[in-house]
1. Return the only residue of F130, F115 being under 20 Å from the mean Cα position of the chain (by Cα) and modelled with pLDDT of 90 or more.
2. What's the total number of residues in segment 1-27 that are of a type in the set (A, V, I, L, M, F, W, C) and at pLDDT below 80?
3. Residues to consider are I114, I157, I142, I97; find the one that is aliphatic (A, V, I, L, M) and over 26 Å from G62 (Cβ atoms).
Amino acid sequence: MTGFRTYMLVCMGSAAVMMTNQYIYQTFGGSDPSRLGAQVISGIGFLGAGIIIVTKNNQVRGLTTAAGLWAAACAGLAVGIGFYKGAMLMGLAISLIMTVFQKVDNRLLTTSRIFNLYMNFNAAANLNLFLESCKDRNIQIIDMQAFKAKGKGEDGIVAIITLKTAKREPRGNVLQVFGMAEGLKYMEEL
């Protein structure tokens, strides 16, 4: 997660852009008062694109951070134009979402019966054995994409699988059972 100072800098920079835009509009007239603010939104989009990465296992990282920076920029624009109540509410909402809701998100994840897994097997036969064992345990296969492993030193078959267990069980226990699948070389929860 991006640090608090980064959020402050993004918000302050956005506010400065909006105040400068307002100054130009009042001093020289005739320009569009939202023009520079629109450029902030584009610039933050560029910054956010640099934060969001897709790992080699097709896992997306940094999306919440990018969204948080975008929201901080919007709050800064509100400060810059003088909409202080809106900016304060937005700042409070951003803080709550990035802290309190992180705990809610973690709680939902730990109690969920749904597992999104990246699995690398030695061979397709090992993947088939794993899928059969899931059916035997009453684990529903919601979605699956399988393809031949690509990359340096990689072989076998890779599967991105979404599974749903029949009942709630400790997440670590379920992952441990999945991790003991025959011919499994690597597994990561997405």
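The values are calculated or read from the model by the stated rules, or taken from the named source; none is laboratory data. Being a predicted model, the structure only gives us computed values, none of them experimental. Cβ coordinates were reconstructed from backbone atoms using ideal geometry, including for glycine residues, and neighbour counts include every protein chain displayed.
1. Unique residue meeting the criteria: F115.
2. 4
3. After applying the criteria, what remains is I157.
Here is a yes/no grid of residues against (1) exposed (fewer than 15 other Cβ atoms within 10 Å of the Cβ); (2) touching a residue at least 40 places away in the same chain (Cβ under 8 Å):
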site	(1), (2)
M12	yes, yes
Y23	yes, no
Q39	yes, no
S42	yes, no
W70	no, no
G76	no, yes
I97	no, no
K103	yes, no
